[in-house]
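Novice: Take a look at the following structure, please.
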Amino acid sequence: MSILAWNCHGLGNPWASQFLKDLVIQKQPKVIFLCETLSKSEGLERIRVALGFEGVFSVDARGKSGGVAMLWRDSSDVKLLGYGGNYIDVEILENDGRKWRLTGLYGEPNRSLRRNTWNQIRSLKDNYSLPWCVIGDLNNVTSQSDKRGGLPYPNWLIEGFGNMLEECNLVDMELGGYPYTWEKGRGTSAWIEVQIDRALVSQTWLDSFPLAKLVNLEVSTSDHCPIQLTLDVVQKKEIHKRFRFENLWLREPVCLQLIRDTWEAAAGSSVMDKIHSCGENLLVWGKDYVGNFKARIRDCKK
């Protein structure tokens, strides 16, 4: 299972809607959390249908700001626990029967009110005892290294967020890929980048999903990059393909010459060693040949 979280900065933009559709096709998430949707429930229902998801719950934007939504592919996997103006709380049921809690949260953007987010997380913590994950645009950083460009981040904000994490026994997950998720002023001397989109998890959640990975997807139509939380990362086994000679290669003079040269270079070796060497060289040449052959076909169709 994987979770996508994205500050889309408005789903009324057709580019944002299309980007989300493409992202779902590519990443195949089971659950999506969106913040700053700037949309009403009717718009989120249209998005749900377009994505082919079974369920959606949204909190409408207030005026020209805010709005959060949670979408899920299979309704049997998700149970709504609670919600507020900036968060949605659900229970997730895994295929093996395990249950855990996912809170999609949009943190307070106003620095002077940032304590509201810290206290909100403290309050939410006590509602349930399930393994817990908080994900979204939290508008908080854990250190100065989370920011590049501009003035240093105020220490009181870093310390306040850190104290909350410690009190709630939450772990800030390491972000893979590009280290920053939000930017402004690109291409100017005032270019600033910050990691404010993140996932916080309890130790019981980490124990349940020890292979979980959080990754910055790095591309976006918004000023925020989406992040993906993958729970069970399966290590793909390397597949060694057996060499197979293609009769089509006999039409290529270069192929015949390659065999002669390899055979002569392996003089004194056993026949099996010579065949093995020919196979390795032909495998490399064959890949190049097929690539060039396909390119010639594409050129002919133009």
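The values are calculated or read from the model by the stated rules, or taken from the named source; none is laboratory data. Computed from a prediction, not measured in an experiment: that's the story for all the values here. As a convention, Cβ positions derive from the backbone with ideal geometry for all residues, glycine included, and neighbour counts pool all protein chains shown. Accessible surface areas use protein heavy atoms only, side chains included; no ligands, DNA or RNA. Shrake-Rupley method; radii C 1.70, N 1.55, O 1.52, S 1.80 Å.
Novice: Look at Arg198 and say whether it is touching a Leu at 6+ places or on another chain (Cβ under 7 Å) and open to solvent by less than 50 Å² (accessible area, probe 1.4 Å).
Specialist: Details: touching a Leu at 6+ places or on another chain (Cβ under 7 Å): yes; open to solvent by less than 50 Å² (accessible area, probe 1.4 Å): yes.
So Arg198 fits the description; yes.
Novice: Can I ask one more? Would you please list the contacts, defined by Cβ atoms under 7 Å and residues six or more apart or on different chains, that run from a residue in segment 9-25 that is without any contact (Cβ under 8 Å) to a residue 40 or more places away in the chain to a residue that is hydroxyl-bearing (Ser, Thr, Tyr) and assigned to a helix (DSSP H, G or I)?
Specialist: Every condition considered, the pairs that remain are Leu11/Ser17.
Novice: How many residues are open to solvent by 40 Å² or more (accessible area, probe 1.4 Å), closer than 29 Å to Pro109 by Cβ and either under 20 Å from the mean Cα position of the chain (by Cα) or touching a residue at least 12 places away in the same chain (Cβ under 8 Å) (or both) when one looks only at segment 62-80?
Specialist: Residues flagged as open to solvent by 40 Å² or more (accessible area, probe 1.4 Å), closer than 29 Å to Pro109 by Cβ and either under 20 Å from the mean Cα position of the chain (by Cα) or touching a residue at least 12 places away in the same chain (Cβ under 8 Å) (or both) within segment 62-80 amount to 4.
Novice: Just for segment 85-129: of the residues that are hydrophobic (A, V, I, L, M, F, W, C) and touching a helix residue (DSSP H, G or I) at 6+ places or on another chain (Cβ under 8 Å), which one is farthest from Arg198 (Cα to Cα)?
Specialist: Selected residue: Leu93.
Novice: Next question, about the same structure. Which condition number in (1) in contact with a strand residue (DSSP E or B) (Cβ under 6 Å, 6 or more places away or on another chain); (2) part of a loop (DSSP other than H, G, I, E, B) is the one that Phe57 fails?
Specialist: That leaves (2) as the condition not met.
Novice: Here's a follow-up. Going by what's in this entry, would Val141 be described as within 19 Å of Phe33 (Cα to Cα), open to solvent by less than 30 Å² (accessible area, probe 1.4 Å), at pLDDT 95 or above and not in a helix (DSSP H, G or I)?
Specialist: Working: within 19 Å of Phe33 (Cα to Cα): no; open to solvent by less than 30 Å² (accessible area, probe 1.4 Å): yes; at pLDDT 95 or above: yes; not in a helix (DSSP H, G or I): yes.
The answer is no for Val141.
Novice: Could you tell me which of the residues Asp96, Asp89 is open to solvent by less than 30 Å² (accessible area, probe 1.4 Å) and either modelled with pLDDT under 95 or assigned to a strand (DSSP E or B) (or both)?
Specialist: Values: Asp96 fails: open to solvent by less than 30 Å² (accessible area, probe 1.4 Å).
Criteria check complete, one pass: Asp89.
Novice: Please state which of the following conditions Val59 fails to meet, knowing it meets all the rest: (1) more than 19 Å from Glu218 (Cα to Cα); (2) open to solvent by 50 Å² or more (accessible area, probe 1.4 Å); (3) out of contact with any Ser or Thr (no Cβ under 7 Å at 6 or more places or on another chain).
Specialist: Checking Val59 against (1) more than 19 Å from Glu218 (Cα to Cα); (2) open to solvent by 50 Å² or more (accessible area, probe 1.4 Å); (3) out of contact with any Ser or Thr (no Cβ under 7 Å at 6 or more places or on another chain), the one that fails is (2).
Novice: Suppose we filter Ile135, Ile158, Ile121 for residues that are open to solvent by less than 50 Å² (accessible area, probe 1.4 Å) and part of a strand (DSSP E or B); which single one remains?
Specialist: From the options Ile135, Ile158, Ile121, the qualifying one is Ile135.
Novice: If you go through segment 3-37, how many residues are hydroxyl-bearing (Ser, Thr, Tyr) and open to solvent by 10 Å² or more (accessible area, probe 1.4 Å)?
Specialist: Final tally of qualifying residues: 1.
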